[in-house]
1. Just to verify a result, which residue in region 221-246, among those that are among the hydrophobic types (A, V, I, L, M, F, W, C) and out of contact with any Ser or Thr (no Cβ under 8 Å at 6 or more places or on another chain), is nearest to residue 94 (Cα to Cα)?
2. Is there a residue being more than 38 Å from the chain's Cα centre (by Cα), crowded, with 17+ Cβ neighbours inside 10 Å, part of a helix (DSSP H, G or I) and modelled with pLDDT under 75 anywhere in region 163-185?
3. Looking only at region 217-247, which residues are within 21 Å of residue 298 (Cβ to Cβ), among the charged types (D, E, K, R) and surrounded by 16 or more Cβ atoms within 10 Å (Cβ to Cβ)?
4. Considering region 37-68 alone, what residues qualify as being assigned to a loop (DSSP other than H, G, I, E, B) and out of contact with any Leu (no Cβ under 6 Å at 6 or more places or on another chain)?
5. Only strands (runs of 3 or more DSSP E) wholly contained in region 256-321 count here; list those with 3 or more residues that are in contact with a Pro (Cβ under 6 Å, 6 or more places away or on another chain).
6. All but one of (1) closer than 30 Å to residue 58 by Cβ; (2) among the β-branched types (Val, Ile, Thr); (3) at pLDDT 85 or above hold for residue 239; state the number of the condition that does not hold.
7. Do we find that residue 61 is in contact (Cβ under 8 Å) with a residue 40 or more places away in the chain and either of a type in the set (Asp, Glu) or surrounded by 15 or more Cβ atoms within 10 Å (Cβ to Cβ) (or both) in this structure?
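The values are calculated or read from the model by the stated rules, or taken from the named source; none is laboratory data. Here the structure is a predicted model, which means the values were calculated and not measured. Here the Cβ is made from the backbone with ideal geometry for all residues, glycine too, and neighbour counts use every protein chain on show.
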Amino acid sequence: MGRKRRHHFVPRLMLNRFASRSYPERKVYLTWMYSLNQEPIEVSTKDTGLEKDFHGENDHLEDMFMQVEGNDAALLRRAHEDGADLLSISGALADLAWVMAFRTKTLREHLTTAVQSGLSEMSRQATSEDAAAYYRRQIETTLQERFGELLNSLPEHEREAFKLSPQFKIVRQQAAQMAEALISSGVMGQFVSEGFSFVSKQAEETTVVRSSHNDGLEKLLLSEKRCPENRKPDKWLVVESAKGEFVLGDSVVFATDREGVPRSLVGASADTTDIYLPISPSKVLVGLMPGVEQPALKAAQIVDLAVSTSRQSFFANCFSPHLVELHRLRLGRDAHLMDTDLIKAAVAGVWSRNLSAGRTE
């Protein structure tokens with residue numbers, strides 16, 4: 001039997017719940033896919049939300065997902081029932097939402113973008129005045145250490161005489177001048193900058209992020225408690241739509257903070273308030289963090305953010321002019337793990353902290 005190479009990053013068990021047409025006896029489910037730079041199209045759920053070898057070049061991780069998805073499907077059916085006791089399955093729902101968010105291609109691309117943005121900013125900052133001051137202090141410290149080692153290697157009776165000799169002073173001055181020339185000319189900063197650029201390019205062109213993501217997924221599936229404690233909702237409830245208007249984004253799950261800013265669940269800030277998991281065109285599970293009593297979003301807003309937090313596609317049980325308009329105007333507008341400005345500020349802070357630490361030594 002050949003390998004399973006078509007790996008779903010949006011699980012079929014979720015896509016099937018947004019079917020436009022279904023033939024259960026043949027295990028055939030169709031859904032409307034709205035994708036960037038493409039006209040909406042009705043496709044089989046077995047042919048969308050997937051990528052060749054997404055989970056690696058063996059069946060190990062794919063088999064692990066197949067083992068847990070039976071339980072996930074049963075949990076979703078239970079949560080979808082009218083009057084479901086969500087309190088009794090609160091922990092299981094948190095784990096399911098976390099895995100759903102973590103396994104997506106959307107998250108993998110978020111991680112790649114974040115790594116590249118951070119490295120690009122490190123490359124830029126490497127030639128800044130703060131960086132030059134940091135290099136200068138580090139070189140001064142290193143030179144002091146090396147000259148100290150040189151003196152300590154001499155017999156004690158020769159040490160003081162050599163330390164006071166003109167030759168020693170000249171060597172120290174020349175070393176300091178060479179170091180200063182290296183920094184002032186920008187060669188040092190350029191060297192470090194090119195190093196960061198090389199690493200960024202390698203991260204883009206190799207399977208580093210893919211391997212790290214898959215390793216993280218395997219550890220997550222092997223863990224008994226999958227959702228971090230600081231991301232676990234205090235309670236879950238259901239928002240319903242009589243019109244059956246909810247859609248499933250390729251991020252599957254999204255969160256909002258106290259300012260109403262949408263975020264990827266995995267990259268959400270500490271002040272996350274709501275977690276949204278669409279489970280059918282008529283129902284969305286909403287996880288409320290401690291201290292939050294009601295969902296911040298109404299049904300139409302949930303649809304809007306399910307679309308805007310998707311990176312490439314969203315899925316619906318119908319074709320409609322309203323969804324075509326959302327597809328055109330909103331798809332991908334909020335699809336980010338962390339703001340670029342926050343990444344830049346964090347990187348700039350690294351140089352500043354290192355420089356400040358050097359000044360206080």
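1. Start the filter on region 221-246 by keeping residues that are among the hydrophobic types (A, V, I, L, M, F, W, C), which leaves 221-222, 227, 236-239, 242, 246.
Those still in the list that are out of contact with any Ser or Thr (no Cβ under 8 Å at 6 or more places or on another chain) too: 221-222, 227, 237-239.
Working: 221: 14, 222: 16, 227: 6, 237: 12, 238: 14, 239: 17 Å.
The qualifying residue nearest to residue 94 (Cα to Cα) is 227.
2. In the first step, residues of region 163-185 are kept if they are more than 38 Å from the chain's Cα centre (by Cα); the result is 163-181.
Now restrict to residues that are crowded, with 17+ Cβ neighbours inside 10 Å: 179.
Filter again for part of a helix (DSSP H, G or I), leaving 179.
Narrowing further to those that are modelled with pLDDT under 75: 179.
Yes, some residue in region 163-185 is more than 38 Å from the chain's Cα centre (by Cα), crowded, with 17+ Cβ neighbours inside 10 Å, part of a helix (DSSP H, G or I) and modelled with pLDDT under 75.
3. 245
4. Narrowing region 37-68 to residues assigned to a loop (DSSP other than H, G, I, E, B): 37-40, 48-49, 53-59.
Matches in region 37-68: 37, 38, 39, 40, 48, 53, 54, 56, 57, 58, 59.
5. Details: elements: 272-280, 283-288, 313-316.
Per the criteria, 283-288.
6. The number of the failed condition is (1).
7. On the way: in contact (Cβ under 8 Å) with a residue 40 or more places away in the chain: yes; either of a type in the set (Asp, Glu) or surrounded by 15 or more Cβ atoms within 10 Å (Cβ to Cβ) (or both): yes.
Here the answer is yes, as residue 61 does meet what is asked.
Okay, residues lined up against (1) touching a residue at least 12 places away in the same chain (Cβ under 8 Å); (2) more than 24 Å from the chain's Cα centre (by Cα); (3) in a helix (DSSP H, G or I):
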| position | (1), (2), (3) |
| --- | --- |
| 73 | yes, yes, yes |
| 76 | yes, yes, yes |
| 83 | no, yes, no |
| 100 | yes, no, yes |
| 111 | yes, no, yes |
| 120 | yes, no, yes |
